[in-house]
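Take a look at the structure below.
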Amino acid sequence: MSAASGTVIERDGAVYRVRTPEGELRAVLRGRIKRGVGKVVVGDIVEVEPEAGGELYGITSVGPRRTLLERRVPEGRGTRPVAANIDEVFVVTATRGPAPIPQLIDRLLVVAEANGIPAAVILNKTDLEPADALARRYRAAGYEVHATSVKTGEGIDALRDALV
C-alpha cells in the first residue's frame, strides 16, 4: 500500500493502529509530528506513508479535528487530549456487580459537557438491579439514559438505534 489516509483506532506505546479503506495498519510518528508539534490521539484522521522495511507506516500529518475530548491533568496544570472527532460520549456502568459510582458518572459527564460533546448514560445489568433512581437522576439532569441487560437483551435494540 502507498500513502493513505485513515483513522487512529488505538495507541500502544509508540505504535498506532490506523484503519484505512484498504485495512488496518501499524504506524509510528514521523517528522515534525514526532518532535511534538501535536499529540496524536484515537479518532484523529491521519496521513500515513510506508516506512523503509515495509512493516510499519509513518504518520506524516494530522487532519483538522471536529471535536476534542480533553481532561485536566493532575494539580490543574493544563489539559491532556484523550480522543478526537467524537460525536457523543456514552458513560457505561453496571447497576450491580460492581455497584455504580454516581460521582464517577458525574465526573465523566462533566468532562463531556466541558468539551461541548453530547453525552448519554448506559445502565447495564438491569436484570440484576433496575436502578430506577439512578435513571431518574440522570434523566432529570437532561441526559438520555439507556437501561440495558446484555443477558436478557432488554434495551439493546434501542441502544443500537442510538449508536447509529
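The values are calculated or read from the model by the stated rules, or taken from the named source; none is laboratory data. Model, not experiment: these values are computed from the prediction. A quick note on method: Cβ atoms are made from the backbone with ideal geometry, for glycine too, and the neighbour counts reach across all protein chains shown. The protein model used for the area step is the full one, side chains on, heavy atoms only, and it has no ligands, DNA or RNA in it. Shrake-Rupley method; radii C 1.70, N 1.55, O 1.52, S 1.80 Å.
Helix check for the chain. Which DSSP H runs span at least 15 Å along their own axis by Cα, with a mean Kyte-Doolittle hydropathy no less than -0.5? Kindly include the intermediate steps, with their values, before the conclusion.
Numbers: long enough: 102-114 (18 Å, 0.87).
Helix filter hits for the chain: 102-114.
Along Cα→Cβ, 7 Å out, is where each label goes; now give me the distance between the ones at Glu88 and Glu113 in nm to one decimal.
Distance between the two pseudo-spin positions: 1.8 nm.
For region 59-105, state which trypsin sites (Lys or Arg not before Pro) are in a DSSP loop and have at most 13 other beta carbons lying within 10 Å of their beta carbon.
Numbers: sites: Arg65, Arg66, Arg71, Arg72, Arg77, Arg96; in loops: Arg65, Arg66, Arg77, Arg96.
Counting only loop positions with at most 13 other Cβ atoms within 10 Å, the trypsin sites (Lys or Arg not before Pro) in region 59-105 are Arg66, Arg77.
Which cross-chain or sequence-distant (5 or more) residues have an amide H under 5 Å from the amide H of Tyr57, H modelled 1.01 Å from N in plane?
Arg26, Ala27, Val28, Glu51
Out of every Cα pair in the chain, what percent are spaced more than 30 Å from each other? All intermediate terms of the calculation are to be shown ahead of the outcome.
Values: 4471 of 13366 pairs.
That tail contains 33 percent of the Cα-Cα pairs.
Residues of the chain: accessible area per residue at 1.4 Å, in Å²? Don't skip to the end; give the middle numbers.
On the way: 9940 Å² over 164 residues.
Result: 61 Å² of accessible area for each residue.
Leaving out ligands, DNA and RNA, and with a 1.4 Å probe, what % of the accessible surface on the chain is carbon or sulfur? Mind showing how you got there, number by number?
On the way: 5210 of 9940 Å².
The value for the chain is 52 percent carbon and sulfur by accessible area.
Using a 10 angstrom cutoff on alpha carbons, build the Gaussian network for the chain and name the most mobile of Ile105, Ile86, Ile117.
Top of the fluctuation ranking is Ile105.
Give the long-range amide H neighbours of Ile117: residues separated by 5 or more places, or on another chain, with amide H under 5 Å away, using H modelled in the peptide plane at 1.01 Å from N.
none
Given the options Thr79, Thr126, Thr67, state which has the largest fluctuation in a GNM of the chain using a 10 Å cut-off (strictly under) for Cα springs.
Answer for the Gaussian network model of the chain: Thr79.
Among 54-60, 98-104, 40-46, how do they line up by average Cβ neighbours within 10 Å per residue, starting with the highest? Mind dumping the intermediate values first?
On the way: 54-60: 16.7, 98-104: 11.4, 40-46: 20.3.
Most protected by this proxy first, the peptides run 40-46, 54-60, 98-104.
How would Lys34, Lys39, Lys125 rank on accessible area, largest to smallest, probe 1.4 Å?
Lys34, Lys39, Lys125
For the chain, what does the helix formula give at 222 nm: sum of -39500 (n - 2.57) over DSSP H segments with n ≥ 4, over the residue count, nearest 500 deg cm²/dmol? Don't jump to the answer; show the numbers that get you there.
Working: 3 runs with 30 residues, N = 164.
Here the helix-only value at 222 nm equals -5500 deg cm²/dmol.
Each label point is 7 Å from the Cα along the Cα-to-Cβ direction; what then is the distance between the points at Leu104 and Arg72, in nm?
2.0
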